[in-house]
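S.K.: Okay, here's the structure, questions in a sec.
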Amino acid sequence: MAPLIALSTQVRAQDSFFVAFGYAGANSYNCKPSVSEVMKYDLAWYNGTTTLTLTGNPSECPDVTFEPLKNDFGIGGVTVPGNASLDRSKYDTNPYYFNFPSKTGKDIRVSFESSSDYYYDETQFWDLQATKSGDGYDLTGQWIGTRPSDNNYYHPTTACWNGGDFWPNNGEKSSGETWHWDLTGHISPDSASVTIDMTWITQPDGIEWHTIIHYNGTAWTKGARLVTSGDAPTSDAVVKSEDSGSGSSSGSGTSGAASTGSTSAPTATGSGTATSTGSASGGSSTNSASRDSVVYSQFAMFGSLVGYLAFLF
């Protein structure tokens, strides 16, 4: 029998205001400029590819790996020097932030983000840690979200695997089945390797089924770059003063330097779930490796609002 992963987490709504199966409720969003959206321009960006693999019990369902998707990955710190309003700590307790802008390929779509003040009810979706290692950081993380957000993926139905839109979830259901999401990876100024693994354990057989989303990319060199001097990943973006005439970012500072570094291998950790306390005004930074991805997400927000209004009327 094909595994029925889709039955527990599949959503076919147009926007994240709706209730997803397995979630406690909706996640209301605002139409104001959000800090998380503005700060995407100040991330260290990587260009690469993502694969999505379904695996678990080959004797029952053969492993499937879909055609790779070309997409981007961004990572950065808590603040951006030069603009006090660009501060994630008001709604995110993590030591850094990551983002996979929504991108659709021939077979799959992926969209992941560690936090966002675009939402009101729940703003932090991942609990993240980083440990200095070699030329950069080893990354780990656990999904802690309880409401729908911009974290989701799609794959088509195969002969054995159900397809559709999937939203991460945690916990144990009445059937006794459990699932959880984990992030691992390594980041350096030159490259990024990140894996998100959804583990689903069926009962009573105890079989572990996995959706493995793996990204490999190389640094985009025309924008902010990763800084490895602190305990957690940051970028070298800094917002120039308004009297400089440009108001844009440059790669000469240390974005989000929430720590001062160490000669040992410290681990930076996040904790708990933060709640948005309102949106701060954003700066006019221009350091983005993927303008199209950011513009796409802005159109997606507009599309979500239109979909919701259509639902009401």
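S.K.: Could you please report the charge total around Cys160, scoring K, R as +1 and D, E as -1 over all other residues with beta-carbon less than 13 angstrom from its beta-carbon?
M.R.: Residues close to Cys160 contribute a combined charge of -2.
S.K.: Given Cβ point charges of +1 (Lys, Arg) and -1 (Asp, Glu) and nothing else, what value in debye, to the nearest 20, does the dipole of the range 95-167 about its Cα centre take?
M.R.: 260
S.K.: Provide the per-residue ³J(HN,Hα) series for the range 200-216, in order, calculated from phi with Karplus coefficients 6.51, -1.76, 1.60 and θ = phi - 60°, each as a whole number of Hz, with x at glycine and proline positions.
M.R.: 10, 10, 8, 10, x, 6, x, 6, 8, 9, 10, 10, 10, 10, 10, 10, 10
S.K.: Now for a different question. Please compute the length gained on full extension between His210 and Lys106, using 0.36 nm multiplied by the number of residues separating them and subtracting their Cα-Cα distance.
M.R.: 35.3 nm
S.K.: Spelling out what I want: for every residue of the range 124-141, take phi, set θ = phi - 60°, compute 6.51 cos²θ - 1.76 cosθ + 1.60 (Karplus), and round to whole Hz; glycine and proline get x.
M.R.: Ordered by residue, 3J(HN,Hα) equals 10, 10, 10, 9, 10, 9, 9, 10, 5, 7, x, 8, x, 9, 8, 10, 9, x Hz.
S.K.: Estimate the FRET efficiency between Ser59 and Thr157 by the formula 1/(1 + (r/R0)^6), using the beta-carbon distance for r and 22 Å for R0, to the nearest 0.05.
M.R.: 0.65
S.K.: What net charge is computed for the residues neighbouring Val64, neighbours being all others with C-beta under 15 Å from the C-beta of Val64, Lys and Arg scored +1, Asp and Glu -1?
M.R.: Residues near Val64 contribute -3 overall.
S.K.: Between Asp165 and Thr140, what length comes free when the chain is fully extended (0.36 nm per residue of separation minus the Cα-Cα distance, one decimal in nm)?
M.R.: 6.5 nm
S.K.: For Lys40, which aspartates and glutamates qualify as cross-link partners when the Cα separation must be under 20 Å and same-chain residues fewer than eight apart are set aside?
M.R.: Asp72, Asp87, Asp92, Glu113, Asp117, Glu122, Asp127, Asp150, Asp190, Asp236, Glu242, Asp292
Readers should treat all values here as calculations from the given coordinates under stated rules, not as data from a laboratory. Model, not experiment: these values are computed from the prediction. Neighbour counts are summed over all protein chains in view; Cβ atoms, including those assigned to glycine, are modelled from backbone coordinates with ideal geometry.
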